[in-house]
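Comments concern the structure below.
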Amino acid sequence: MSTFLVEIVTPERKVYEETANMVSVKGSEGELGILPNHIPLVTPLRIAPVTIKRGNVVDVVAVNGGFIEVRKDKIVILAESAELSKDIDIKRAEAAKKRAEDRLASKQDEFDYRRAELALQRALNRLNVGR
Ligand code: ATP
């Protein structure tokens with residue numbers, strides 16, 4: 001079975017590095033399943049889970065936006081933040097969800113509203129991947 005290297009990197013650290021057979025991401029235009037020997041590509045990502053298949057193992061990482069770059073033998077995902085499911089603090093994500101919902105419910109300017117929407121998306125993504 002052919003493979004490629006998959007790296008997930010944030011400004012803080014390298015979150016993930018494994019040899020894999022398939023990567024599924026949510027791009028700005030929808031779901032994207034990438035197999036080895038895919039044509040080179042750079043595209044933005046949504047706040048969504050990234051799924052990586054390697055043999056019989058499936059890894060799920062909560063990825064907060066950024067980009068995916070498909071190279072010849074390597075996939076690089078560059079994100080603002082990203083967490084492996086085992087590293088997600090559920091209580092923290094629940095608290096972030098509650099804060100964002102409270103902010104969305106209160107009257108405020110468009111900028112703060114958008115920020116709260118993004119914070120809510122990050123929290124829901126973490127809860128989805130971490131649970
Ligand atoms: P919070 O309001 O809880 O800080 P946030 O969405 O604002 O959440 P980010 O700015 O996206 O947090 O991330 C800051 C750092 O904290 C990153 O390193 C990210 O991986 C980490 N992080 C955020 N939330 C969690 C969580 N629930 N579990 C584990 N790590 C988290």
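Filtering segment 1-12 for residues that are outside any strand (DSSP E or B), away from the ligand (no atom under 16 Å from the Cβ), open to solvent by less than 90 Å² (accessible area, probe 1.4 Å) and within 30 Å of residue 120 (Cα to Cα) leaves an empty set.
How many residues are more than 14 Å from the ligand (Cβ to nearest atom) and of a type outside the set (D, E, K, R) if we restrict to segment 61-77? Residues meeting the conditions: 5.
With respect to residue 43, is the statement that it is outside any loop (DSSP other than H, G, I, E, B) and open to solvent by 30 Å² or more (accessible area, probe 1.4 Å) true? Against the criterion (outside any loop (DSSP other than H, G, I, E, B) and open to solvent by 30 Å² or more (accessible area, probe 1.4 Å)), residue 43 does not qualify. In the set 83, 101, only one residue is within 16 Å of the ligand (Cβ to nearest atom), open to solvent by less than 60 Å² (accessible area, probe 1.4 Å) and of a type in the set (Asp, Glu); that residue is 83. So for segment 18-28 (the condition being buried (at least 19 other Cβ atoms within 10 Å of the Cβ), within 14 Å of the ligand (Cβ to nearest atom), touching a residue at least 12 places away in the same chain (Cβ under 8 Å) and at negative phi), does at least one residue qualify? No, because not a single residue in segment 18-28 is buried (at least 19 other Cβ atoms within 10 Å of the Cβ), within 14 Å of the ligand (Cβ to nearest atom), touching a residue at least 12 places away in the same chain (Cβ under 8 Å) and at negative phi.
In the set 53, 107, which member is of a type outside the set (Gly, Ala, Ser) and in a loop (DSSP other than H, G, I, E, B)? Give the steps one after another, and end with the answer.
Numbers: 53 fails: in a loop (DSSP other than H, G, I, E, B).
Result: 107 is the single residue among 53, 107 that is of a type outside the set (Gly, Ala, Ser) and in a loop (DSSP other than H, G, I, E, B).
Identify, from the list 120, 127, the residue that is more than 13 Å from the chain's Cα centre (by Cα) and open to solvent by less than 60 Å² (accessible area, probe 1.4 Å). Result of the check over 120, 127: 120.
The values are calculated or read from the model by the stated rules, or taken from the named source; none is laboratory data. Predicted model only: the values in this text are computed from it and were never measured. FYI the Cβ positions are ideal-geometry reconstructions off the backbone, even for glycines, and counts take in every protein chain you see. Areas reflect the complete protein model, heavy atoms only, side chains present, ligands, DNA and RNA absent. Shrake-Rupley method; radii C 1.70, N 1.55, O 1.52, S 1.80 Å.
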